[in-house]
Amino acid sequence: MGSSLEKGLPFAVYRKPEEDMLTAVFQLDASLHTTCDFDDSGFIFAPFSLEEGIVLIHPDEVFQTNIHVEGTPNTKEPFISEAGQEEHIQLVEKGIQAIQSGKLKKVVLSRKIEQNISKTPMTIFKELLGSYPNAFCYLFHHPKVGTWCGATPETLLRIKDGELKTMSLAATLAYEENTPPKWGSKEIEEQQMVSDHISNTLGNLMEALTIEKAESVRAGNLWHLQSEVKGVPRSSTSLSSIINSLHPTPAVCGIPTKAAKEFIVQNENYQRTYYTGFLGELNLFRPNEVSLFVNLRCMELLQDNATIFVGGGITASSVPEQEWIETQNKSKTMLRIL
């Protein structure tokens, strides 16, 4: 991987949640491949706006090895700047106004944080592996796209042996030791909204669809509410139609999707690019087998600088100052690593 980085060759290395298998996909030239219909094979890296093009790393060489990285979580509180507070609070206020006017039910609003770094991409990736065993941890590089890494808690879609699995994930609370999370009506409503959305958009494409009861799940120093979703796609349902019905999820965009996305593009004041896109295996080991994850808790790496992305779901009952604090809490996931 180090030599692929030095030579400027595309690769992706990753470990799935709660597994010890490390997989690396290497492309042996610097061409930029894309996929439109998801019929290709390889590792895909998709942006928030799919019309910008879905990058495919061609699997010229694929390696797998069992690893066990002992976690040494950094419990030291990282320094968190208050820069950008006023702008983010104004953005959230604008989102709440759009919800109150009836244009939106929910919108996910985000910001980026710049941080100087001295660690190499490989060092950062190893620390992600050790710190977040329950997340999809990855390091991606393409000379024409950039270098990204992350530890995302959210599955977009897994299909294996004809069965589909996804999740309805929303709501955030800070983790406190020996204290179970106390969910308020805002968080419960936000998560239910996501479940209802999945039921409405995915239901027509499935023979059967089951959405489990919401449970509290821990991701690093945060709690989320999550429901497991399982289904059997109809024989006439294409992978493309499933992905387009799920992405962008309400957990990264909002409801209704089209209006929320328009609001984000017009008001966030920066380009998300691959943040809140998705990534993972596409028909890599077998046809009709996919394992895709939403690109959250991620960063883009430049030589001596990292860009971290954080956001939160805004509903009618959101309090702008609380939403700012939530993004500050979320930023610790990546800042601790740096």
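The values are calculated or read from the model by the stated rules, or taken from the named source; none is laboratory data. Worth saying up front: this structure is predicted, and the values here are computed from it rather than measured. Cβ placement follows ideal geometry from the backbone for every residue including glycine, while neighbour counts extend to all protein chains displayed. In case anyone asks, the SASA skips ligands and DNA or RNA and just uses the protein heavy atoms, side chains included. Shrake-Rupley method; radii C 1.70, N 1.55, O 1.52, S 1.80 Å.
Worth a mention:
- Conditions (1) polar (S, T, N, Q); (2) farther than 26 Å from K112 by Cβ; (3) surrounded by fewer than 17 Cβ atoms within 10 Å (Cβ to Cβ); (4) at pLDDT 95 or above; number of the one not met by S3: (4)
- The condition of being modelled with pLDDT of 95 or more and closer than 26 Å to T257 by Cβ holds for only one of I57, I44, that being I44.
- Filtered by the rule that a residue be aliphatic (A, V, I, L, M), closer than 23 Å to L169 by Cβ and surrounded by 20 or more Cβ atoms within 10 Å (Cβ to Cβ), the range 299-325 gives M299, I308, V310, I314.
- Breaking point among (1) in contact with a strand residue (DSSP E or B) (Cβ under 6 Å, 6 or more places away or on another chain); (2) assigned to a loop (DSSP other than H, G, I, E, B); (3) not basic (K, R), for S235: (1)
- Any hit, the range 64-78, residues being over 21 Å from the mean Cα position of the chain (by Cα), open to solvent by 40 Å² or more (accessible area, probe 1.4 Å) and within 15 Å of E281 (Cα to Cα): yes
- Test: G254 is touching a residue at least 40 places away in the same chain (Cβ under 8 Å), over 25 Å from L128 (Cβ atoms) and of a type outside the set (F, W, Y): yes
- Leading residue by the ranking (nearest to Q322 (Cα to Cα)) among those in the range 34-84 that are in contact with a strand residue (DSSP E or B) (Cβ under 7 Å, 6 or more places away or on another chain) and aromatic (F, W, Y): F45
- Some residue of the range 29-44 being farther than 23 Å from L9 by Cα, among the aliphatic types (A, V, I, L, M) and open to solvent by less than 10 Å² (accessible area, probe 1.4 Å): no
- Filtered by the rule that a residue be over 17 Å from E51 (Cβ atoms) and assigned to a loop (DSSP other than H, G, I, E, B), the range 238-267 gives S238, T249, P250, A251, P256.
- Taking the range 19-40 as the range and being under 28 Å from A151 (Cβ atoms) and hydroxyl-bearing (S, T, Y) as the test, the residues that pass are T23, T34, T35.
- Within the range 181-230, being part of a strand (DSSP E or B) and either of a type in the set (D, E) or open to solvent by 30 Å² or more (accessible area, probe 1.4 Å) (or both) holds for E207, A208, L209, T210, I211, E215, S216, V217, R218, W223, E228, K230.
- Among (1) under 21 Å from the mean Cα position of the chain (by Cα); (2) assigned to a helix (DSSP H, G or I), the one test that I113 misses: (2)
- Options Y138, Y132; residue that is open to solvent by 10 Å² or more (accessible area, probe 1.4 Å) and out of contact with any helix residue (DSSP H, G or I) (no Cβ under 7 Å at 6 or more places or on another chain): Y132
- Residue ID - nearest to I57 (Cα to Cα), chosen from residues in the range 139-176 that are acidic (D, E) and outside any loop (DSSP other than H, G, I, E, B): E163
- All positions within the range 26-53 that are in contact (Cβ under 8 Å) with a residue 60 or more places away in the chain and in a strand (DSSP E or B): T35, G42, F43, I44, F45, A46
- Qualifying residue in the range 97-112 (condition: more than 30 Å from T315 (Cβ to Cβ) and touching a residue at least 24 places away in the same chain (Cβ under 8 Å)): no
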